[in-house]
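K.L.:
Could you have a look at this structure, given as structure tokens, before my questions?
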Amino acid sequence: MNRTWWKEAVIYQIYPRSFMDSNGDGIGDLKGITDRLDYLKYLGIDVIWLSPVYKSPNDDNGYDISDYQDIMEEFGTMADFDELLAKAHEKGIKIVMDLVVNHTSDEHQWFIKSKSSKNNEYRDYYIWREGKADKTPPNNWGSCFGGSAWEYDETTDMYYLHLFSRKQPDLNWDNPEVRRNVFNMMTWWCEKGIDGFRMDVISMISKTAEMPDGEVNGLYGDYGPYCVHGPNVHRYLQEMNEKVLSKYDIMTVGETAGVTTELAKQYAGENTNELNMVFQFEHVEGDGKYGKWTDEQLPLTRLKKTLSRWQTELYGKAWNSLFWNNHDQPRAVSRFGDDRPQYREVSAKMLATCLHMMQGSPYIYQGEELGMTNYPFHDPEEFRDIESINAYKEWCGSGRVPHETFWPCITFKSRDNARTPMQWDDSAQAGFTTGIPWIAVNPNYREINAKAETADPASVFHYYKKLIALRKQNPIMVYGNYELLLEDSEELFAYTRTLEQEKLLVVCNFTDKKTAITIPAEFVGMPCLISNLDNRYDKQDIFLEPYEAFVLQKK
Ligand code: TEU
Ligand code: CA
């Protein structure tokens with residue numbers, strides 16, 4: 001398997017709105033990120049994935065772009081971006097941009113022209129269809145953010161498609177002019193010296209020509225079979241690779257909702273000339289009671305089976321991206337660990353061990369390295385995310401599900417859990433802003449913050465720092481083959497990694513119970529590479545403490 005920098009990298013995702021506010025308006029910005037680069041350097045990460053910073057009306061917090069080649073007012077200026085890029089590169093940190101080209105904002109010039117008349121030259125940059133005879137939308141598809149996926153436009157008496165909010169019209173990728181403009185914009189950013197792209201819902205850019213009603217689950221029809229992994233998606237990515245990506249030493253990761261291991265071998269195959277890796281979502285989906293909304297964790301055996309399948313089926317064929325959370329997911333320690341005070345730190349370290357010892361490039365979401373937790377929502381007024389606001393209305397406001405039933409589900413899974421301000425210290429607003437933050441700071445910031453944790457060698461922060469350093473020193477963590485052990489255990493997630501004659505044994509207790517394990521004979525007495533409780537592992541039969549994790553190394 002050929003070695004590359006992005007296979008050996010640890011990537012840190014920054015959600016700029018919530019990372020650091022430098023001018024007291026309560027909104028994170030580019031200068032704030034630049035001011036915090038030394039923190040990231042100290043943590044030891046190699047790459048920053050920067051969620052969108054382009055001009056946007058912020059209907060979906062920047063994932064609705066009105067100008068791809070200018071910076072959002074609230075985040076600063078292009079000069080601020082250039083300074084961030086230069087300073088990051090000085091410190092040996094690369095910057096990967098968030099490419100959102102399945103859709104634009106409805107305030108993008110292209111859409112303003114497209115909707116102005118049926119024969120405008122930009123008309124076919126988007127997906128317009130006549131309504132049905134009774135004036136209802138062209139089909140029954142539902143938008144990810146609630147309501148129909150079609151918005152009626154009076155000017156031209158037609159509907160346009162928006163798989164997300166009505167202010168996020170889908171681009172028509174079958175139009176070669178759309179592809180040409182997108183590729184030119186990507187080249188413009190690559191020429192500025194950025195180090196790659198995370199590609200937003202890139203598996204949705206090709207739609208089928210026919211757009212029939214979808215299977216109804218809930219209030220609307222499913223657009224999946226017609227808009228995800230569509231007929232030309234690989235052709236368009238190969239064209240993108242040939243015209244842009246192949247010309248630069250950059251990293252690309254596709255956000256491919258709905259991807260399977262088979263499809264991933266095509267999207268991110270070693271020799272398919274598309275992308276370097278993809279985000280798969282099989283381990284963070286499928287738990288829903290009301291759409292995606294749930295308050296339940298899935299059985300550990302399901303998580304192990306899913307992650308193991310990705311480890312083994314991609315090995316040597318495509319590259320894995322590894323994550324527990326991002327700006328769309330609840331906080332890892334609240335969802336997969338145990339955020340009760342007595343277990344928060346030890347379970348956060350256990351989760352970090354479990355993920356960072358796997359094959360693939362690990363992603364850390366801002367605050368995960370501190371063991372930041374979900375937010376204690378009490379009122380729908382506290383939500384800022386269009387997805388949560390609309391979902392509460394659609395499920396509860398309509399009376400479909402009683403508040404007391406739905407509330408635990410939406411507060412457990414809401415994307416706003418990940419979007420509360422980064423907790424820098426125990427001063428007002430956790431040191432995130434000197435003003436009023438756009439979204440409330442988690443009240444636990446006094447105990448959970450970067451200042452306290454960087455000063456405490458036993459903190460979650462220092463545990464992540466050690467894992468990142470170990471990845472640099474141990475190629476087996478990057479390139480070793482993976483094999484699951486104890487497949488049927490509902491308590492322990494155990495696996496080995498093998499690279500030539502070197503082996504690692506990774507054992508993680510996912511429960512709050514003392515749990516017995518028999519260590520494979522070949523590992524008894526072997527050196528411990530890392531553990532979250534610093535116990536001794538020199539006997540064959542041992543009891544693991546709640547959330548205990550350790551790694552033994554046999555050279
Ligand atoms: O997310 C794609 C997506 O499907 C999300 O809706 C996500 O899967 C879901 O919220 C999980 O609960 C991307 C971006 O990451 C997200 O922030 C944007 O809202 C979305 O695309 C539209 O750009
Ligand atoms: Ca600001």
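No value in this document is a laboratory result; all are computed from the given coordinates. Since this is a predicted model, take the numbers as computed values, not measurements. Methodologically, a virtual Cβ is constructed for each residue, glycine included, from the backbone with ideal geometry; neighbour enumeration extends over all protein chains shown.
K.L.:
Over the Cα atoms of segment 241-281, each weighted equally, I'd like the Debye log10 I(q)/I(0) at q = 0.21 Å⁻¹, rounded to two decimals.
P.N.:
Results for segment 241-281 at q = 0.21 Å⁻¹ read -0.61.
K.L.:
Note down the relative contact order for the chain as a percent, whole number, built from C-alpha pairs under 8 angstrom at least six residues apart. It would help to have the intermediate numbers written out before the result.
P.N.:
Values: 1166 pairs, mean separation 72.8, N = 555.
For the chain, the relative contact order is 13 percent.
K.L.:
With a 10 Å radius around each residue's Cβ, average the other Cβ atoms per peptide and rank 44-51, 68-75, 361-368, highest first.
P.N.:
Values: 44-51: 22.4, 68-75: 18.6, 361-368: 25.0.
In decreasing order of mean packing, 44-51, 68-75, 361-368 become 361-368, 44-51, 68-75.
K.L.:
Which Rg and Dmax, in Å, describe the Cα atoms of segment 109-161?
P.N.:
11.2, 31
K.L.:
Of the cross-linked pairs Lys94/Lys304; Lys132/Lys413; Lys55/Lys87; Lys87/Lys472, which ones have a Cα-Cα span greater than 24 Å in the structure shown? Please report the intermediate quantities before stating the final value.
P.N.:
Details: Lys94/Lys304 32 Å; Lys132/Lys413 36 Å; Lys55/Lys87 22 Å; Lys87/Lys472 22 Å.
With Cα atoms farther than 24 Å apart: Lys94/Lys304; Lys132/Lys413.
K.L.:
Apply the Debye scattering formula to segment 480-554, with a single equal point scatterer on each alpha-carbon and no solvent, then give log10 I(q)/I(0) at q = 0.24 Å⁻¹.
P.N.:
With no solvent term, the Cα-only Debye profile gives -1.18.
K.L.:
Setting aside same-chain residues fewer than 8 positions from Lys539, which aspartates and glutamates have a Cα under 17 Å from its Cα?
P.N.:
By straight Cα distance, Lys539 reaches Glu522, Glu548.
K.L.:
Okay, moving on. Among Ser116, Ser66, which comes first, then next, by fewest other beta-carbon atoms within 10 Å?
P.N.:
Working: Ser116 13, Ser66 21.
Taking fewest neighbouring Cβ atoms as first place, the list is Ser116, Ser66.
K.L.:
Find, among the GluC sites (Glu not before Pro) in segment 177-265, those assigned to loop by DSSP (not H, G, I, E, B) with at most 12 other beta-carbon atoms within 10 angstrom. The partial results should precede the final answer.
P.N.:
Values: sites: Glu177, Glu191, Glu210, Glu215, Glu239, Glu242, Glu255, Glu262; in loops: Glu210, Glu215.
When the GluC sites (Glu not before Pro) of segment 177-265 are filtered for loop state and at most 12 Cβ neighbours within 10 Å, Glu210, Glu215 remain.
K.L.:
Can you list the HN-Hα couplings for segment 388-403, worked out from phi with the Karplus curve (6.51, -1.76, 1.60; θ = phi - 60°), rounded to whole Hz and with x for Gly and Pro?
P.N.:
Whole-Hz 3J(HN,Hα) from phi for segment 388-403: 6, 4, 5, 5, 4, 5, 5, 8, 9, x, 7, x, 5, 10, x, 3.
K.L.:
Now for a different question. How fast does segment 150-252 diffuse by Stokes-Einstein, in µm²/s, taking the Kirkwood radius from C-alpha pairs at 25 °C and 0.890 mPa s? Working shown, then result.
P.N.:
Numbers: Rh = 15.5 Å.
After rounding, the answer is 158 µm²/s.
K.L.:
Among Ile468, Ile410, what is the fewest-to-most ranking by other Cβ atoms within 10 Å?
P.N.:
Values: Ile468 21, Ile410 26.
Listed from fewest to most nearby Cβ atoms, that is Ile468, Ile410.
K.L.:
Return, ordered by residue number, the residues of segment 230-258 whose backbone nitrogen is under 15 Å from a label point located 7 Å along Cα→Cβ of His89.
P.N.:
248-251
K.L.:
Go ahead and collect, in residue order, the members of segment 101-132 whose backbone nitrogen is under 20 Å from a label point 7 Å along the Cα-Cβ direction of Asp70.
P.N.:
Under 20 Å, as judged by backbone N against the label point of Asp70, lie 101, 103-116, 122 of segment 101-132.
K.L.:
Restricting things to alpha carbons, find the Rg to Rh ratio for segment 167-313 using the Kirkwood radius for Rh. Spell out each step's value before the answer.
P.N.:
On the way: Rg = 17.1 Å, Rh = 17.1 Å.
Reported Rg/Rh (Cα atoms, Kirkwood Rh): 1.00.
K.L.:
Sticking with this structure for a sec: Amide H of Trp141 versus every other amide H placed in the peptide plane: which residues, excluding those fewer than 5 positions away on the same chain, fall under 5 Å?
P.N.:
Those lying under 5 Å, H to H, from Trp141 are Ala149, Gly214, Gly221.
K.L.:
State to the nearest 20 debye the size of the charge dipole of the chain about its Cα centre, where the only charges are +1 on K and R beta carbons and -1 on D and E beta carbons. Working shown, then result.
P.N.:
Details: 60 positive and 85 negative charges, 269 e Å.
Once rounded to the nearest 20, the dipole reads 1300 debye.
K.L.:
Express in nm, to one decimal, how much length is gained between Ser117 and Asp25 on full extension, taking 0.36 nm for each residue of separation and deducting their alpha carbon distance. Intermediate results must be reported in sequence, preceding the final value.
P.N.:
Details: separation 92, 0.36 × 92 = 33.12 nm, distance 3.92 nm.
Full-extension gain reported as 29.2 nm.
K.L.:
When Trp150, Trp188, Trp424 are ordered from fewest to most other Cβ atoms inside 10 Å of their Cβ, what list results? Could you put the intermediate results ahead of the total?
P.N.:
On the way: Trp150 25, Trp188 13, Trp424 21.
Neighbour counts put them in this order, fewest first: Trp188, Trp424, Trp150.
K.L.:
Based on the Cβ-Cβ distance of Gln109 and Glu215, what FRET efficiency does E = 1/(1 + (r/R0)^6) give at R0 = 22 Å, to the nearest 0.05? If you can, show how the numbers build up before the last one.
P.N.:
On the way: r = 36 Å, r/R0 = 1.66.
For R0 = 22 Å, the calculated efficiency reads 0.05.
K.L.:
Mind pulling the angle between the C-alpha long axis of helix 233-243 and the longest principal axis of the chain? Nearest 10 degrees, somewhere in 0 to 90.
P.N.:
Computed tilt is about 90 degrees.
K.L.:
On to the next question. Given H placed on each backbone N at 1.01 Å, which residues far from Glu548 in sequence or on other chains put an amide H within less than 5 Å of it?
P.N.:
HN-HN under 5 Å from Glu548: Asn509.
K.L.:
If you don't mind, there's one more thing I want to ask. Quick one: net charge around Asn509, please, counting Lys, Arg +1 and Asp, Glu -1 for every other residue with C-beta under 10 Å from its C-beta.
P.N.:
On the way: positive: Lys513, Lys514; negative: Glu491, Asp512, Glu545, Glu548.
Within the 10 Å Cβ shell, the charges total -2.
K.L.:
Could I ask something else about it? Give the whole-number value, in cubic angstrom per residue, of the convex hull volume spanned by the C-alpha atoms of the chain.
P.N.:
Working: hull volume 79.2 nm³, N = 555.
Taking only Cα atoms, the chain has a hull volume of 143 Å³ per residue.
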